[in-house]
Structures are given as structure tokens and as C-alpha cells.
1. Helix 31-40 sits at what angle to the longest principal axis of the chain, using alpha carbons and giving 0 to 90 degrees rounded to 10?
2. How large is the helix-only mean residue ellipticity at 222 nm for the chain, computed as the sum of -39500 (n - 2.57) over DSSP H runs with n ≥ 4, divided by its residue count, in deg cm²/dmol to the nearest 500?
3. Loop only per DSSP, at most 15 neighbouring Cβ atoms within 10 Å: give me the chymotrypsin sites (Phe, Trp or Tyr not before Pro) in region 1-46, ordered by residue number.
4. Where nothing but the Cβ of Lys and Arg (+1) and of Asp and Glu (-1) is charged, how large is the charge dipole of region 6-52 around its Cα centre, in debye to the nearest 20?
5. With viscosity set to 0.890 mPa s at 25 °C, what whole-number translational diffusion coefficient in µm²/s follows for the chain from Stokes-Einstein and a Kirkwood radius over Cα pairs?
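All of the numbers you see were taken from the coordinates with simple rules; none came from a lab. Just so it is clear, the structure is predicted and the values come from calculations on it, not from any experiment. Backbone-built Cβ (ideal geometry, glycine too); neighbour counts: all protein chains shown.
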Amino acid sequence: MVTHYQRLLNYIVPDYVHVMDAGRIIKTGGKELALELELRGYEWVGAEYKTAAKAAKGVTA
């Protein structure tokens with residue numbers, strides 16, 4: 001199920017929560033992630049992802 005409505009998650013407890021941006025899953029968590037998104041919004045997830053992506057580009061294998 002795809003939803004942006006926290007109150008729906010009061011009735012259906014998710015096993016997984018995924019945050020997508022530009023067609024990619026950028027963060028995965030449990031029901032706690034849904035609650036955190038409700039409190040903090042989505043901007044922090046994008047910022048966290050961009051920071052990690054920049055760091056990964058600097059890593060050489």
C-alpha cells in the first residue's frame with residue numbers, strides 16, 4: 001500500500017516504510033520511520049541521502 005496519510009497507519013501497521021525520491025528508494029525503516037516523518041517532515045531524509053551519496057562518490061574501491 002502506498003500512502004502519505006499517517007492516520008491510516010493507525011489502523012494498518014506497516015512492516016516496512018520506504019521513502020522514495022525521483023523513483024528511487026532513499027530510506028527504509030519500520031513503523032517508527034512513519035512516525036518520524038510525521039514529526040519531522042521529509043526534507044531531512046533527502047538531505048541525509050544527498051550527504052551519503054556525496055560521501056560515497058569520494059570513496060574509491
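1. For helix 31-40, the angle is close to 80 degrees.
2. -13000 deg cm²/dmol
3. Here the chymotrypsin sites (Phe, Trp or Tyr not before Pro) that fit, given the DSSP loop and packing criteria, are 5, 11, 16, 42.
4. 80 debye
5. 192 µm²/s
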